[in-house]
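A short worksheet on the structure shown next.
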Amino acid sequence: MNTEATLDFAQEVVPHAPELYQPVGVVEPIHTLDAFNEETLAQYRRDGFVAIEDAFTPQEVQDAKDGLNDLVMGRREGFTGIQYESEARELLPTLSLENRLDAVRKFWKFAEYEPRLDAMARHPKLQRVLELILGEPPVMFQDMALIKPPKIGVEKPWHQDQAYFDYPLGTRVVGVWIAIDAATVENGCMRLLPGLHREGPKLHFKRRDWQICDAEMMGLHPVAAPLRPGGLLLFDGLLPHGTPTNSSPYRRRAVQYHYHNASAQKTSTEDRLAIFGSEGKDVSC
């Protein structure tokens with residue numbers, strides 16, 4: 001486990017305008033991974049996302065919770081991929097190991113250390129859906145968990161995930177965002193802009209994060225994607241999305257994986273920055 005001297009904290013919080021994430025509607029999910037078919041695939045292509053309820057069983061969700069707890073409690077030797085919320089800097093020394101999850105902003109690169117979370121990423125029913133979307137066997141290339149702890153969980157500004165990844169335009173990138181707690185409008189569920197992935201890449205700037213300019217996003221019409229535990233979102237790597245601050249008293253833990261098609265080839269960071277903006281050299285999702 002990280003020592004107190006080496007703990008990683010997020011940058012200081014800068015408040016965001018509430019209207020950036022005010023939804024005009026709520027996403028209508030399909031009910032299971034088995035229900036994903038050609039019609040659903042057409043919906044994904046049109047909107048850039050699909051929400052699926054009951055993708056994982058209550059036991060699989062509990063396994064994921066237990067896996068996250070073991071990571072934060074230092075039970076996986078060699079694992080160091082934890083970042084804490086900046087507002088937890090003073091709070092952290094007062095928390096027991098069991099309560100430290102309410103101070104974490106994110107985990108990353110945990111699949112090789114935590115078999116239950118690795119199994120979630122490789123779930124056969126999920127793999128079937130990803131192959132339908134990608135047209136080839138999926139390759140997972142990023143694993144992370146996004147934790148919005150009660151009261152202090154910070155915003156993730158509007159962005160396109162592909163702005164972080166050194167893959168050329170045209171590479172099919174799919175994000176899979178899995179609710180471990182109930183994700184609600186109040187505690188920071190995902191906001192999405194249907195169809196905007198078809199507009200292509202947008203310039204990003206390093207402000208509160210690596211993000212699309214607030215002025216470009218203001219006045220658009222996002223939808224919210226509340227999910228029960230075990231529900232998930234599939235979304236295109238070019239779909240603008242973001243999440244507001246969690247000022248509620250409720251946890252909003254989520255696990256996220258990214259996949260590309262098996263034949264994808266990497267490009268250079270310089271090529272990516274020429275498309276998405278020059279300020280993103282060392283950014284991480």
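The values are calculated or read from the model by the stated rules, or taken from the named source; none is laboratory data. All figures in this text were calculated on a predicted structure; none of them were measured in a lab. Glycine gets a Cβ as well: all are built from the backbone with ideal geometry, and neighbour counts include every protein chain shown. Ligands, DNA and RNA are excluded from the accessible area calculation, which covers all protein heavy atoms including side chains. Shrake-Rupley method; radii C 1.70, N 1.55, O 1.52, S 1.80 Å.
Show the residue pairs meeting these rules: Cβ distance below 9 Å; 6+ apart or different chains; first residue within the stretch 25-39 and among the small types (Gly, Ala, Ser); second residue in a strand (DSSP E or B) and open to solvent by less than 100 Å² (accessible area, probe 1.4 Å).
These pairs meet every condition: Gly25/Val223; Gly25/Ala224; Ala35/Ile52.
Is it true that some residue in the stretch 88-109 is farther than 22 Å from Ala10 by Cβ and open to solvent by 10 Å² or more (accessible area, probe 1.4 Å)? I'd like the intermediate steps shown before the answer.
Filtering the stretch 88-109 for residues farther than 22 Å from Ala10 by Cβ gives none.
No: zero hits.
Taking into account only those residues within the stretch 263-285 that are among the aliphatic types (A, V, I, L, M) and open to solvent by less than 60 Å² (accessible area, probe 1.4 Å), which is nearest to Leu203 (Cα to Cα)? If you could, list the steps in order and put the result at the bottom.
First pass over the stretch 263-285, keeping only residues among the aliphatic types (A, V, I, L, M): 264, 273-275, 283.
Still in the running and open to solvent by less than 60 Å² (accessible area, probe 1.4 Å): 264, 273, 283.
Values: Ala264: 23, Leu273: 9, Val283: 14 Å.
Within the stretch 263-285, the match that is nearest to Leu203 (Cα to Cα) is Leu273.
Read through the list (1) open to solvent by less than 20 Å² (accessible area, probe 1.4 Å); (2) assigned to a strand (DSSP E or B), then give the number of the only condition that Met140 fails.
Among (1) open to solvent by less than 20 Å² (accessible area, probe 1.4 Å); (2) assigned to a strand (DSSP E or B), Met140 violates only (1).
When you look at Ala111, is it in contact (Cβ under 8 Å) with a residue 12 or more places away in the chain, under 27 Å from Gln162 (Cα atoms) and assigned to a loop (DSSP other than H, G, I, E, B), yes or no?
Values: in contact (Cβ under 8 Å) with a residue 12 or more places away in the chain: yes; under 27 Å from Gln162 (Cα atoms): yes; assigned to a loop (DSSP other than H, G, I, E, B): yes.
So Ala111 fits the description; yes.
If a residue must be surrounded by 13 or more Cβ atoms within 10 Å (Cβ to Cβ) and assigned to a strand (DSSP E or B), how many such residues does the stretch 16-38 contain?
Selection size over the stretch 16-38: 2.
Answer yes or no: is there a residue in the stretch 258-271 that is on the phi < 0 side of the Ramachandran plot, acidic (Asp, Glu) and more than 14 Å from the chain's Cα centre (by Cα). Break it down into steps so the answer makes sense when it comes.
Taking the stretch 258-271 and keeping what is on the phi < 0 side of the Ramachandran plot, we get 258-271.
Still in the list and also acidic (Asp, Glu): 270-271.
Remaining after also requiring more than 14 Å from the chain's Cα centre (by Cα): 270-271.
The answer is yes; a qualifying residue exists.
For the stretch 151-163, state whether one or more residues are charged (D, E, K, R), out of contact with any helix residue (DSSP H, G or I) (no Cβ under 9 Å at 6 or more places or on another chain) and open to solvent by less than 10 Å² (accessible area, probe 1.4 Å).
Looking through the stretch 151-163, at least one residue is charged (D, E, K, R), out of contact with any helix residue (DSSP H, G or I) (no Cβ under 9 Å at 6 or more places or on another chain) and open to solvent by less than 10 Å² (accessible area, probe 1.4 Å).
Are there any pairs with C-beta distances below 9 angstrom linking a residue in the stretch 48-62 that is more than 19 Å from Ala225 (Cα to Cα) to a residue that is outside any loop (DSSP other than H, G, I, E, B) and open to solvent by 70 Å² or more (accessible area, probe 1.4 Å), with the two at least 6 apart or on different chains, and if so which?
So the pair list comes out as Glu60/Arg116.
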